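S.K.: What follows is a structure written as structure tokens; I'll ask about it next.
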Amino acid sequence: MKKHLALSVALLGTLFASAACQQPESLPIDRTPVPSMAASPYICDYVPLDAVRLMTGIRDPIVDGDFDMTVGKELDGKNYGTGSCHVYQPNGNKPKVLQISLSPAGSAQEVEWEIGQGAQKLPEIVPGAVGFYSQDGSADNTQAAAMLVRGQDRVIVELVRGVKGRDNTADVVAMMKLVAPKLIPDASPAPKKTKD
């Protein structure tokens, strides 16, 4: 009996040890492109939740922030807004994964400088606006950012932690296309170019 019990305990120990060493299967990467049209539900009033979920891989993120599109008129009679939207992982230490910010601190010279340093020029998103996008140089890094400036209006989309295996720069450009026309006052999307 003791010999049978010892064998059973040894077998259970082996099973537990092999289970502890096995890595959980990783979920397949969702490579669905960020939608080209914004649709509800929105976070921070202007940011489509579905796009955030694709970019970050987080189904139920913690969200903080808002945008005030009337602050310029209230402060000095000019037409600009300010604010930010922060997206966090819903775990214990809540690391930030995405930030979108709007400020009246735009500078076309800053955009030109970044492009001169190797950043890529954004396609036309809002008439009269210029911008760039870039990604951290390391192969495993999922950080990417885009900035768009028109006059003094500046919109920044910063993906602090994206999904490995996704095109993180394409994600920040797509998010910029979704939010910039809403966040830059009096902006409308650039007309689509047609081939003649």
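The values are calculated or read from the model by the stated rules, or taken from the named source; none is laboratory data. All values derive from a computational prediction rather than experimental measurement. FYI the Cβ positions are ideal-geometry reconstructions off the backbone, even for glycines, and counts take in every protein chain you see. Heads up: the accessible areas ignore ligands, DNA and RNA and are worked out on the full protein's heavy atoms, side chains in. Shrake-Rupley method; radii C 1.70, N 1.55, O 1.52, S 1.80 Å.
S.K.: Per the Cauchy relation, a quarter of the hull surface: what is the mean projected area of the convex hull of the alpha carbons in the range 98-144, in nm²?
M.R.: Mean shadow area of the hull around the Cα atoms is 4.1 nm².
S.K.: In the range 28-134, if the dipole is taken from +1 on Lys/Arg beta carbons and -1 on Asp/Glu beta carbons about the Cα centre, which of GLN109, GLN89, GLY77 is farthest to the positive end?
M.R.: The one lying farthest along the dipole's positive direction is GLN89.
S.K.: How large is ³J(HN,Hα), in whole Hz, for each residue of the range 98-113 in order, when computed from phi with the Karplus curve 6.51 cos²θ - 1.76 cosθ + 1.60 and θ = phi - 60°, using x for Gly and Pro?
M.R.: 8, 9, 10, 10, 10, 8, x, 10, x, 8, 5, 5, 4, 4, 4, 4
S.K.: What residues qualify as long-range amide H neighbours of TYR46, i.e. H under 5 Å apart, gap of 5 or more or another chain, H built at 1.01 Å from N?
M.R.: Amide H to amide H, under 5 Å and 5 or more residues apart or across chains, TYR46 pairs with nothing.
S.K.: Longer than 26 Å from Cα to Cα, which of LYS94/LYS182; LYS94/LYS164; LYS94/LYS121 are they? Say none if no pair is.
M.R.: Result: LYS94/LYS182; LYS94/LYS121 exceed 26 Å.
S.K.: Any aspartates and glutamates with Cα under 15 Å of the LYS73 Cα? List them, leaving off those in the same chain fewer than 8 positions away.
M.R.: ASP153, ASP186
S.K.: How large is the accessible surface of ASP140 in square angstrom, using a 1.4 angstrom probe and rounding to the nearest 10?
M.R.: Around 110 Å² of this residue is reachable by solvent.
S.K.: Sticking with this one: Label LYS121 and ASP64 with points 7 Å out from Cα along Cα→Cβ: what is the distance between them in nm?
M.R.: 3.9 nm
S.K.: Pull out the extension gain between ASP140 and LYS78, defined as 0.36 nm times the separation in residues minus the alpha carbon to alpha carbon distance; nm, one decimal.
M.R.: The span from ASP140 to LYS78 would gain 18.0 nm if fully extended.
S.K.: Simple spin-label model, 7 Å along Cα-to-Cβ: ASP167 to SER107 in nm?
M.R.: The modelled label-to-label distance comes out at 3.2 nm.
S.K.: Next question, about the same structure. If you put +1 on each Lys and Arg Cβ and -1 on each Asp and Glu Cβ, how big is the dipole of the range 31-147 around its Cα centre, in Debye rounded to 20?
M.R.: In debye, rounded to 20, the range 31-147 gives about 300.
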